[in-house]
Amino acid sequence: MGNLLERIDEPEKLHGLSIEELEALAAEIREVIVRTVSQTGGHLAPSLGAVELTLALYSVLHLPTDKVVWDVGHQAYAHKLLTGRQARFSGLRQWEGILGFPSRAESEYDAFGVGHASTSISAALGMAVARDIQGRGEHVVAVIGDGAMTGGEAFEALNHAGDLGRNLIVVLNDNGMSIDCNVGAMSEYLSRIRVAPQYNRAKEDLKELLRSIPHIGDTVVRTAEYIKEGVKSVLVPGGIFQEMGFAYVGPIDGHNIRLMREVFTEVCMMEGPILVHVRTKKGRGYLPAETEPDKFHGVGKFDAATGAVRKDPNAPASYTSVFGDALIELAKEMPSITAITAAMPGGTGLKKFAERYPKRFFDVGIAEEHAVTLAAGMAAAGLHPVAAIYSTFSQRAYDQLVHDVCLQKLPVTLCLDRAGLVGEDGPTHHGVFDLSYLRMMPGMTVFVPKDEGELRDMLYTAVRMDGPTAIRYPRGAGVGVAISGSFREVEIGKAEILSEGGDVALLAVGTMVDAAGKAAALLEEKGVRASIVNMRFVKPLDTDAIDKFAAAAKLIVTLEENALAGGFGSAVAEYMMDAAHTTPLLRIGIPDRFVPQGARQKLLEFCGLMPEQVAAKIAERWAGLA
């Protein structure tokens, strides 16, 4: 058949392909995805599992007139290859390359920008409402994974869609996993559908009956058993989706292109909201990913031949692993400690905690809002929960932090992994807003460790406090400090003065403490002496330290890996104004824009946060003061 993929520069060209050609195309797409992701990193296993689903759906729909909203976007690599981005696919997740998630700015085929879970049905319903108000007739499809179905927004949207009764197709891509194994009642419900003996018995009995119909029996079996209401009521064990107002179709084999194309063709002729339940295998077609789908959900560079992930054996321990080990140590002495994650036990470093203390570990699924209020309930009843959530995802629980934790002054510790610039996952995943929204919450203490050793001590301090606390730390390896066997309590609101006596005072938090030290060395070469202060806390601020350096220095500089708007530098500026300090202030941080994707060093350069850039900005301001 030759290279079929090279001939497909738009999904409309899939309509002329045979089933055999579509199956051959699926193999080509998998080969390209594995080869590319082995070089760029990315979401491998979920995209491999959705190849046939994408081909079947796109060979029936007419894109971009019809709209497909991919939930999260983890499974959308085949979508990108089929929609005119083959030539750019080698730049997946790279600087100035194509994004790892659908983006409206990137292609007319990306109907909605995604990156966080459980949003697809809401967005697709909004498009269906707009279609009907404007008098159009296109199909609108939401493709959502079973992991994303654990998110509350998905159920809110299902409920509303069922009530409105608009024409809407929801494809539930059920592979039994999200990142780690799925948890919760919905996962159990879908599992029962997969294995229910009454389903299988009814299906086989009905097949025999339908096949007895002369000439058309086999065709009826392939389509009617999945579509018609009478058949559906026999085959489906349970009816949660029907109760929410959806016609339910399935479960069907998500790797059988012929069957799916027949089903999608019939579904497109039906009225009202419809849910098509498709069963797929995560990592399909690449043995290492099939064997370890959690490892290859989001993976760095790896050897495509063996599946071995490339790691630096000399790299320091990651902040994530240091946090996980420290929490296990603390839990041994403090039975009040519990650990909560939102579908990320591996990503947040809590897997070992779950093994050591299974009764004190809680994975709530992709439900950050619930995670925070669950923690608040535990705290109200005498425990000290530690909720480990990626910074970007904690934004979803903003109200719960304010209303359920801070207003009630409850001892909940929020540990924000992946804070700051996270690299190739791009603007949906950078954790650059947490300092801004946390510092305005009354009663919240905000810790920002400069290294992995300080992270341990801050965690030790936080779990002993009788009130809300948050600790934010970056993705990846620490700076390599020696980890002692003991913990030290950190004095709340007290900065660490690393050097003093300079004409410029560098007040830094987190990763920027190291950058401040390197920038100070460069300034020294220019004849400018700089003091360095590890502020440690964004709230409460060490106002004594600010007073001291505002009196002694001729320029105050704040450094943070957070949005400048409302962040650490804003806090210092507000205090200096209220205290009537007149010392000039230079704030250095992330500018007021969404930061693109790329290697972390490239993004720091883009934001002007490399030590050389920091030193140049300070030198320029210093020259202006002379």
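The values are calculated or read from the model by the stated rules, or taken from the named source; none is laboratory data. What you see is a predicted model, and the numbers here were worked out from it, not measured in a lab. All Cβ positions, even for glycine, are placed from backbone atoms using ideal geometry, and neighbour counts span all protein chains on display.
Within the group 447, 433, which residue is touching a strand residue (DSSP E or B) at 6+ places or on another chain (Cβ under 9 Å), among the aromatic types (Phe, Trp, Tyr) and surrounded by 24 or more Cβ atoms within 10 Å (Cβ to Cβ)?
Working: 433 fails: surrounded by 24 or more Cβ atoms within 10 Å (Cβ to Cβ).
Exactly one of 447, 433 is touching a strand residue (DSSP E or B) at 6+ places or on another chain (Cβ under 9 Å), among the aromatic types (Phe, Trp, Tyr) and surrounded by 24 or more Cβ atoms within 10 Å (Cβ to Cβ), namely 447.
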Collect the residues in region 403-421 that are touching a helix residue (DSSP H, G or I) at 6+ places or on another chain (Cβ under 9 Å), surrounded by fewer than 23 Cβ atoms within 10 Å (Cβ to Cβ) and of a type in the set (A, V, I, L, M, F, W, C), keeping them in residue-number order. 410
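Return yes when residue 537 is farther than 24 Å from residue 434 by Cα and either assigned by TED's automatic domain parsing to the domain that holds residue 581 or surrounded by 16 or more Cβ atoms within 10 Å (Cβ to Cβ) (or both) and no when it is not.
Values: farther than 24 Å from residue 434 by Cα: no; either assigned by TED's automatic domain parsing to the domain that holds residue 581 or surrounded by 16 or more Cβ atoms within 10 Å (Cβ to Cβ) (or both): yes.
No.
Being in contact with a helix residue (DSSP H, G or I) (Cβ under 6 Å, 6 or more places away or on another chain) and charged (D, E, K, R) is true for just one of 621, 593, 587. Which residue is that?
Working: 621 fails: in contact with a helix residue (DSSP H, G or I) (Cβ under 6 Å, 6 or more places away or on another chain); 593 fails: in contact with a helix residue (DSSP H, G or I) (Cβ under 6 Å, 6 or more places away or on another chain).
Step by step, each of 621, 593, 587 is checked, and only 587 is in contact with a helix residue (DSSP H, G or I) (Cβ under 6 Å, 6 or more places away or on another chain) and charged (D, E, K, R).
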Considering 599, 626, 563, which residue is aliphatic (A, V, I, L, M) and either touching a Cys at 6+ places or on another chain (Cβ under 8 Å) or at pLDDT 95 or above (or both)? 563
Would you be able to say whether some residue in region 309-323 is touching a residue at least 24 places away in the same chain (Cβ under 8 Å), surrounded by 18 or more Cβ atoms within 10 Å (Cβ to Cβ), under 26 Å from residue 455 (Cβ atoms) and aliphatic (A, V, I, L, M)? yes
Between residues in region 280-300 that are surrounded by fewer than 20 Cβ atoms within 10 Å (Cβ to Cβ) and residues that are outside any loop (DSSP other than H, G, I, E, B) and acidic (Asp, Glu), which pairs lie under 8 Å by C-beta distance while being six or more apart or on different chains? 281/290
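Can you list the helices (runs of 4 or more DSSP H) lying wholly within region 249-357 that have 3 or more residues being under 23 Å from residue 50 (Cα atoms)?
Numbers: elements: 257-267, 287-291, 319-333, 351-356.
In region 249-357, 257-267, 287-291 are the helices (runs of 4 or more DSSP H) which contain 3 or more residues that are under 23 Å from residue 50 (Cα atoms).
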Candidate set from region 231-256 (those that are over 30 Å from residue 27 (Cβ atoms) and charged (D, E, K, R)); member that is modelled with the highest pLDDT: 243
Using the structure shown, decide if residue 365 is surrounded by 18 or more Cβ atoms within 10 Å (Cβ to Cβ), in a loop (DSSP other than H, G, I, E, B), out of contact with any Phe, Trp or Tyr (no Cβ under 7 Å at 6 or more places or on another chain) and free of Cβ contacts under 8 Å to residues at least 40 places away in the same chain. no
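Quick check on my filter: what residues within region 541-584 are of a type in the set (Phe, Trp, Tyr) and touching a strand residue (DSSP E or B) at 6+ places or on another chain (Cβ under 6 Å)? Even if it seems obvious, please write down each step before you answer.
Filtering region 541-584 for residues of a type in the set (Phe, Trp, Tyr) gives 549, 568, 575.
549, 568, listed by residue number.
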Do we find a residue being assigned to a loop (DSSP other than H, G, I, E, B), at pLDDT 90 or above and not β-branched (Val, Ile, Thr) anywhere in region 145-161? no
The correct count of residues that are surrounded by fewer than 16 Cβ atoms within 10 Å (Cβ to Cβ) and closer than 21 Å to residue 321 by Cβ in region 484-505 is 4
Considering every residue within region 483-491, establish whether at least one is free of Cβ contacts under 8 Å to residues at least 24 places away in the same chain, acidic (Asp, Glu) and under 28 Å from residue 318 (Cα atoms). yes
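What helices (runs of 4 or more DSSP H) completely inside region 1-118 contain at least 1 residues that are acidic (Asp, Glu)? Talk me through it step by step, then tell me what you get.
Numbers: elements: 19-40, 44-49, 51-58, 77-81.
Filter on region 1-118 gives 19-40, 51-58.
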Here are some conditions: (1) in contact (Cβ under 8 Å) with a residue 40 or more places away in the chain; (2) farther than 21 Å from residue 151 by Cβ. Residue 75 meets all but one. Which one does it not meet? (2)
